[in-house]
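What follows is one structure encoded as structure tokens, with my remarks underneath.
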Amino acid sequence: MTVNDDLHISRRSLLGTVGAAGATGLALGAAGGAAAHAVTADPPGTALATVGSTSVPFRGTHQAGILQPLQARGHLVAFDLAPGAGRKEAAALMRRWSAVAERLMAGEPLGEGDTGVALDAGPSSLTVTFGFGASFFDRTGLVARRPEELDPLPAFSSDRLDPKRSGGDLWVQIGADDALVAFHALRAVQKEAGGAARVRWQMNGFNRSPGATAHPMTARNLMGQVDGTRNPKPSEPDFDKRVFVPAGGEQPWMAGGSYAVVRRIRMLLDDWEKLPLRDQERVIGRRKSDGAPLTGGSESTLIDLDRTGPDGKLVVPDDAHARIAAPEQNGGAAMLRRPFSYHDGIAADGTPDAGLLFIAWQADPHRAFVPVQRKLDRGDALSPFVRHEASALFAVPGGPGAGEYVGERLLGA
């Protein structure tokens with residue numbers, strides 16, 4: 001299509017059709033479909049649509065990127081400190097990264113040297129989150145301040161881990177509701193690393209865009225399943241206890257922080273898509289259409305794990321994923337899952353290299369992720385259709401206070 005110089009499809013007009021849907025980060029409305037096709041001029045001073053103008057505070061009790069709704073685009077990047085770099089260099093790096101993240105999350109340009117990739121965009125709910133791997137404490141001489149929660153995760157029989165895409169001294173999670181805004185932040189973080197750190201691995205992901213559906217619903221993964229229904233909710237009385245590190249612990253610098261388990265889980269989509277719908281639902285234990293348990297109700301209805309059918313068999317099979325992963329089956333263990341999907345083309349075996357960038361937040365991964373994953377590893381009906389190809393664990397400190405950079409309570413103490 002040819003567009004005259006004085007006319008173009010206005011990004012702001014397009015975003016304006018979703019209205020307040022962008023404020024939630026999940027789907028809330030599909031009104032204004034006809035307007036989305038309008039070709040209009042974009043006059044100077046036009047206000048940003050809600051998706052573009054929404055911002056997330058950089059400072060607070062917790063870092064951004066944990067409690068916010070799923071974002072449309074994401075980048076996960078692990079860095080290793082450069083040879084010879086130690087605590088001093090790490091502190092300077094975290095100070096630079098924090099300054100850049102705060103400006104970008106507020107929708108402010110970076111000034112001279114800015115690439116201009118997101119020059120005409122607002123913050124678009126940008127979040128930048130920082131974490132430290134176990135090896136970081138060796139490199140910086142801070143072994144005495146390494147939390148025991150960073151002890152290595154055990155091996156699981158379903159693991160096919162690539163060491164080059166696992167671990168890392170430092171971790172950065174970037175999320176936004178606009179792809180260019182997310183990429184702009186990614187490049188800024190990479191540039192600010194300078195000679196202090198180098199990229200170990202990078203993974204890129206996506207979720208449904210705000211306003212893409214009229215039905216508020218937990219996100220779907222690439223298998224088409226509603227994923228994350230049983231996530232703990234901030235309204236629950238034990239939410240903070242499950243997700244965040246309390247004050248007064250052995251490592252005071254982690255107060256208000258959380259631990260992120262990051263796994264690249266490849267979905268064997270060719271095999272999965274050959275299963276009839278009924279079999280897919282029995283593997284998961286939920287209806288594909290709306291995420292409701294096979295025992296009935298809506299997505300939010302608790303699964304009746306004891307219900308049997310006319311044949312006397314359990315309606316939700318013994319090895320169904322939803323049964324094995326249910327908090328009731330794991331002593332109440334729960335994680336706040338906040339994933340991205342990924343698709344990296346076609347693998348060497350000719351199948352889609354696609355799946356889930358699994359990110360789980362918890363106060364103690366050895367009491368949440370590990371026991372649940374052990375049970376899944378022993379008998380989950382979903383296991384033949386997924387492959388864990390990368391793994392990492394990071395300590396994510398609490399949010400910075402006024403005048404602080406992220407991690408200052410560790411590095412500056």
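Quick notes on this one:
- Dipole size of the chain about its Cα centre, with +1 on Lys/Arg Cβ and -1 on Asp/Glu Cβ: approximately 460 debye, rounded to the nearest 20.
- The packing ranking of peptides 183-196, 353-366, highest mean first, is 353-366, 183-196, where packing means the average number of other beta carbon atoms within 10 angstrom of each residue.
- Projecting the Cα atoms of Pro163, Leu150, Ile303 onto the dipole axis of the chain, where Lys and Arg carry +1 and Asp and Glu carry -1 at the beta carbon, places Leu150 farthest toward the positive end.
- Highest-fluctuation residue, Val396, Val243, Val226 considered, GNM on the chain with Cα pairs under 10 Å: Val226
- Pairs of Cα atoms nearer than 8 Å and 6+ residues apart set the relative contact order; for the chain it is 23 percent.
- Ranking Gly52, Ala106, Thr129 by how far each Cα lies toward the positive end of the dipole of the chain (charges on Cβ) leaves Thr129 at the top.
- A helix-only calculation puts the chain at -6000 deg cm²/dmol for mean residue ellipticity at 222 nm, using -39500 (n - 2.57) for each DSSP H run of at least four residues, averaged over all residues.
- Residue-by-residue Karplus 3J(HN,Hα) for region 196-202, coefficients 6.51, -1.76, 1.60, Hz, glycine and proline x: 7, 8, 10, 5, 8, 7, 9
- Taking 17 Å as the cut-off, the amide N atoms of region 352-392 that come nearer than this to a point 7 Å along the Cα-to-beta-carbon line of Asp151 belong to 363-374.
- Per residue accessible area of region 43-199, 1.4 Å probe, in Å²: 42 Å²
- Were the residues from Arg307 through Arg59 laid out at 0.36 nm apart, the gain over their Cα-Cα distance would be 84.6 nm.
- The string of couplings for region 310-319 from the Karplus curve (6.51, -1.76, 1.60, θ = phi - 60°) is x, 7, x, 8, 4, 5, 9, x, 4, 9 Hz, one whole number per residue in order, with x for Gly and Pro.
- Tensor-based shape of region 326-406 (alpha-carbon gyration tensor, a/c under 1.5 rounded, otherwise prolate or oblate): oblate
- Within a straight-line Cα-Cα reach of under 19 Å, Lys88 can be paired with the following lysines, leaving aside sequence neighbours fewer than 8 residues apart in one chain: Lys191.
- Fully extending the segment from Ala247 to Gln329 would add 26.6 nm, taking 0.36 nm per residue of separation and subtracting the current Cα-Cα distance.
- Relative packing of peptides 274-285, 92-103 - highest average C-beta neighbours within 10 Å first: 92-103, 274-285
- Span-rule helices in the chain, defined as complete DSSP H runs reaching 24 Å or more along the axis (Cα) with Kyte mean at least 1.0: none
- Under a model in which nothing but the beta-carbon of Lys, Arg (+1) and Asp, Glu (-1) is charged, region 347-406 shows a dipole of about 280 debye around its Cα centre.
- Reported label for calculated Cα extents along the principal axes in Å given (i) 71, 61, 47; (ii) 67, 58, 38; (iii) 79, 41, 41: (i)
- Ligands, DNA and RNA left out, the accessible area of region 286-413 computed with a 1.4 Å probe is 51% carbon and sulfur.
- Residue (of Pro252, His215, Leu277) at the positive-pole extreme of region 198-290, dipole from beta-carbon charges: Leu277
- Choice from Gly131, Gly379, Gly309 with maximal GNM fluctuation in the chain (Cα, 10 Å cutoff): Gly309
- Region 134-207 versus region 277-291: alpha-carbon centroid distance in Å: 34 Å
- GNM flexibility winner over the chain from Pro246, Pro163, Pro109 (Cα, springs under 10 Å): Pro163
- Percentage relative contact order, region 154-295, counting C-alpha pairs under 8 Å, at least six apart: 14 percent
The values are calculated or read from the model by the stated rules, or taken from the named source; none is laboratory data. Here the structure is a predicted model, which is why all the values come from computation and not from measurement. So basically every Cβ, Gly included, is an ideal-geometry build from the backbone, and we count neighbours across all protein chains shown. When the accessible area is computed, the model is the full protein with side chains, heavy atoms only, and any ligands, DNA or RNA have been set aside. Shrake-Rupley method; radii C 1.70, N 1.55, O 1.52, S 1.80 Å.
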